[in-house]
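One structure is given below, encoded as structure tokens.
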Amino acid sequence: MFPKPGRRLTLVATGFLLSVTVIVAIPASAQSDPIPARAEALLKQMTLEEKIGQLNQVPGIDFQGSGKPDDVIARGLASSVLWVSSPKEINRLQRIAVEKSRLHIPLLIGLDVVQGYQTIFPDPLAMAATWDPDLSEQEQSIAAREARAAGINWAFGPMVDIARDARWGRIVEGAGEDPYLGAAMARAQVYGFQGRQLGGADRVLASVKHFAGYGAADGGRDYDSSYVAEEQLWNVYFPPFKAAIDAGVGSLMSAYMDLNDVPASGNKFLLGQVLRDTWHFDGFVVSDANAVGSLVTHGYARDDEDAAYKAFGAGVNMEMVSGTYMKHLADLVKQGKVSVAQIDAAVRPVLAAKFRLGLFENPYFDESKTAAILSAPEHRRFARTAAQRSIVLLRNEGGLLPLAARGKYSSVAVLGPLADARPELKGLWGGMISANKDEPVVSVLQGIREQVGQGFHVEYAKGASIRREIPSFFENAGELSMHEEPLPDAVHQQADFDQAVATAKQCDLTVMVLGESMLGSGEAASRSSLQLQGRQQELLETVSRLGKPVVLVLINGRPLDISWAAKNVPAIVEAWIPGVQGGAAIADVLFGAVNPGGKLPVSWPRSVGQEPIYYAHNLTQAPETKPDFISRYYDSPTSPLFPFGYGLSYTTFAYSNLRLSNEQPKAGETVEVSVDIQNTGSRTGDTVAQLYVHRKAGSSSYPVRLLKGFERLTLAPGEKKTVTFHLGEKELSFWSPQARQWVEEPEQFDIWAGDDSTAQLHSSLQVSLASN
Ligand code: BGC
């Protein structure tokens, strides 16, 4: 939806002169592309039932009594299987499709390869905290290589839902609150999964999800309705999807929830008007699991037949799991409600994806090569680098960290329920892939032990146990089940607690590893509180009162309420859900082998009551910038605890000399914005230069600031570099609710550059009307 160079016209809307760019469709495939003809030729041989079979995705495992899908595959009535992750089983199912079905059409094998397949990387929110899209591309290219080596050819990712409410458990699966950062990470992940063009032997088909507005669930409650005004959809929630589509994503997953009272998986505005008519998406849409069947549950469809009719009519090509297409589409054709031409149109992009993936030529993977690819040491090394780069240093009073630099400690107590935890470091999707269950995970304790070597005494105590108060349904999901340990009884809990405090007493300093339980974030993991689970806060306070230095390491999928720690614990390290090398990367940061440079991809609230909280809010009639402004709440400051874009380093940086190549561009022209950055400390380190803009007037209000450029860079002590950003039509346009268009308005803009969203270095520019 970002304007592409195209026709320009000027129109007068509601009294404002607006320069409007009209989006011009780019033909999806070049004339010479042989795939449409191959798909067409195959389609001509198919019966109606086989065509509908290509719109049917079934569990590849026995899921809640579904049984194995062998028969339905042999009859050519399944296009795709999901949730099967064991390589041998994948080849077996593929053989049934290719050798036994009448037309030998291979299967799409879909899986939630969201943060890796065998090598589990940091969660997507952590990857967003790297502010390094190239790293994210590399990550997903490794994930794709491993997945493909095991027969998986379709990843259900990237998940690009903008999330501005930390109560929503799935905030961990996306890139956080910002559409610009979100779009960059979406694009990078699509390139990582698919390559620049779908078809590489070690790449997979990607599926951008969940279209759209899922992250805006009422109250942060997963699956609840979202009510999102149209301008918010265009300006905030759509951009990452559009970026994925521009990057060539081959499939898109429709979301579960109601968007403005119409379920997303039966929503013609989303799947028709926006996706097909405006963006000209030429891939296929798959529903989320059971999302078609649940149109009945929503009270939107009368029964399964009506659900199939509504989802298909809205534009869902392939149904995931609920099976209503298989049961009812043929009847709907007989009744004249759905035409064969419509069915053909839905099947074409599915067949095209299979041709593009090369599945007709190479349906199987080479089992003799799988083990070597999955165990590649460079994948583990990359997992460690990715985790290092995702870590955000939130607090470091008195330069407590890095510990190696101090040389005055000889013993450390490593405490907390996550200190020696392993499955918790893999997250929900990483943990659900049964094929990787034997992959070693480096816990924080192990990482510290390996790092400190001789001369440093390391003691461990768990101190507290955590689990969800209300269990996740993933504890009862058959082969996909994951389990949180039961809590010990009160007596044992107290003994653990006392032992941890005693351990802390014996040591010079304490590293406390606290956060969320294994199913504490992710799908179906919303919370009404952001407090540390269980007795963790009490343990933190008790240990802190001992008067020895404490470092808090957080392992979690969302911002938590750490207001107490932010005042009382000198060093706080946000490590997210860091993947299989997480413990090693955390130790690298604690002991100074690595200087942390991650930045928050979300505003960090002081308390749950501030949610939803995001930096790009609009100004009000009594804005924060007024001299007499104190707070919009009378019991808490309005500002977050840590702002979007924030993160400390073991060195310091100075930003200066913000300058523009042209302070009075015409609409459509691009301005270069440059800023000098110097490392003013004594260690090499990373900073993320961030560019924010604000439009001072126009046909709509404009957020107080919007991120429009960023670059992560490394500087040696004393080194100075200039970073140059480009502000053009794409960056300066906004979807105007009055013009109902993307418009670049001839107005004044504030510009700020710095290392978080409160950057003060300022300049401005005045856009004037483009001459026609
Ligand atoms: C989730 C999707 C996921 C699908 C298949 C659903 O419950 O919402 O994100 O891709 O399951 O596992």
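The values are calculated or read from the model by the stated rules, or taken from the named source; none is laboratory data. Just so it is clear, the structure is predicted and the values come from calculations on it, not from any experiment. Using ideal geometry, Cβ is built from the backbone for each residue, glycine included, and neighbour counts are taken over all protein chains shown.
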query: Would a scan of the range 198-214 turn up a residue that is closer than 30 Å to residue 367 by Cα, at pLDDT 95 or above, assigned to a helix (DSSP H, G or I) and within 15 Å of the ligand (Cβ to nearest atom)?
result: no
message: For the condition acidic (Asp, Glu), within 13 Å of residue 213 (Cβ to Cβ) and over 21 Å from the mean Cα position of the chain (by Cα), what is the one hit in 277, 282, 261?
response: 261
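With 564, 576 as the choices, which residue is part of a loop (DSSP other than H, G, I, E, B) and aromatic (Phe, Trp, Tyr)?
576
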Residue list for the range 448-469, restricted to those being free of Cβ contacts under 8 Å to residues at least 24 places away in the same chain, within 20 Å of residue 514 (Cα to Cα) and part of a loop (DSSP other than H, G, I, E, B): 469
query: Within the set of pairs 6+ apart or on separate chains, which have a first residue in the range 161-190 that is assigned to a loop (DSSP other than H, G, I, E, B), a second that is more than 16 Å from the ligand (Cβ to nearest atom) and among the polar types (S, T, N, Q), and C-beta atoms under 6 Å apart?
result: none
Filter result for the condition that a residue is within 30 Å of residue 755 (Cβ to Cβ), within 22 Å of the chain's Cα centre (by Cα) and within 16 Å of the ligand (Cβ to nearest atom), over 431, 427: 427
- prompt: Considering only residues of the range 138-156 that are in a loop (DSSP other than H, G, I, E, B) and in contact with a Phe, Trp or Tyr (Cβ under 8 Å, 6 or more places away or on another chain), which is nearest to the ligand (Cβ to nearest atom)?
  reply: 152
message: Every residue in the range 318-363 that is in a loop (DSSP other than H, G, I, E, B) and either among the aliphatic types (A, V, I, L, M) or in contact with a Leu (Cβ under 6 Å, 6 or more places away or on another chain) (or both), please.
response: 321, 338, 357, 359
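Okay, residues lined up against (1) in contact (Cβ under 8 Å) with a residue 40 or more places away in the chain; (2) of a type outside the set (A, V, I, L, M):
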residue: 588; (1), (2): yes, yes
residue: 591; (1), (2): yes, yes
residue: 622; (1), (2): no, no
residue: 637; (1), (2): no, yes
query: Which residue out of 253, 159 is over 28 Å from residue 756 (Cα atoms), of a type in the set (A, V, I, L, M) and within 16 Å of the ligand (Cβ to nearest atom)?
result: 253
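Matching residues to (1) in a loop (DSSP other than H, G, I, E, B); (2) within 16 Å of the ligand (Cβ to nearest atom); (3) out of contact with any Leu (no Cβ under 6 Å at 6 or more places or on another chain); (4) closer than 26 Å to residue 382 by Cβ:
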site	(1), (2), (3), (4)
64	yes, yes, yes, no
68	yes, no, yes, no
77	yes, no, yes, no
90	no, yes, yes, yes
97	no, no, no, no
105	yes, no, yes, no
113	yes, yes, yes, yes
127	no, no, yes, yes
query: Which of the residues that make up the range 47-69 are closer than 16 Å to residue 110 by Cα and either without any contact (Cβ under 8 Å) to a residue 60 or more places away in the chain or surrounded by fewer than 20 Cβ atoms within 10 Å (Cβ to Cβ) (or both)?
result: 60, 62, 68, 69
- line: Within the range 338-353, residues more than 17 Å from residue 37 (Cα to Cα) and surrounded by fewer than 16 Cβ atoms within 10 Å (Cβ to Cβ) come out as 339, 340, 342
message: For the range 59-99, give me each residue that is among the β-branched types (Val, Ile, Thr) and over 21 Å from residue 114 (Cα atoms).
response: 72, 73, 96, 98
task: Looking only at the range 272-296, count how many residues are within 14 Å of the ligand (Cβ to nearest atom) and either in a strand (DSSP E or B) or on the phi < 0 side of the Ramachandran plot (or both).
output: 9
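Residues are listed down the side, and each one gets a yes or a no for (1) modelled with pLDDT under 95; (2) assigned by TED's automatic domain parsing to the domain that holds residue 659; (3) touching a helix residue (DSSP H, G or I) at 6+ places or on another chain (Cβ under 8 Å); (4) among the aromatic types (Phe, Trp, Tyr):
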site: 709; (1), (2), (3), (4): no, yes, yes, no
site: 713; (1), (2), (3), (4): no, yes, no, no
site: 721; (1), (2), (3), (4): no, yes, no, no
site: 724; (1), (2), (3), (4): no, yes, no, no
site: 731; (1), (2), (3), (4): no, yes, no, no
site: 734; (1), (2), (3), (4): no, yes, yes, yes
site: 744; (1), (2), (3), (4): no, yes, yes, no
site: 752; (1), (2), (3), (4): no, yes, no, yes
message: Restricting to the range 470-504, give me the number of residues that are over 18 Å from residue 520 (Cα atoms), assigned to a helix (DSSP H, G or I) and among the acidic types (Asp, Glu).
response: 3
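Kindly indicate which of 61, 90, 96 is among the β-branched types (Val, Ile, Thr), modelled with pLDDT of 95 or more and touching a helix residue (DSSP H, G or I) at 6+ places or on another chain (Cβ under 8 Å). Walk me through it before giving the result.
On the way: 61 fails: modelled with pLDDT of 95 or more; 90 fails: touching a helix residue (DSSP H, G or I) at 6+ places or on another chain (Cβ under 8 Å).
The unique qualifying residue is 96.
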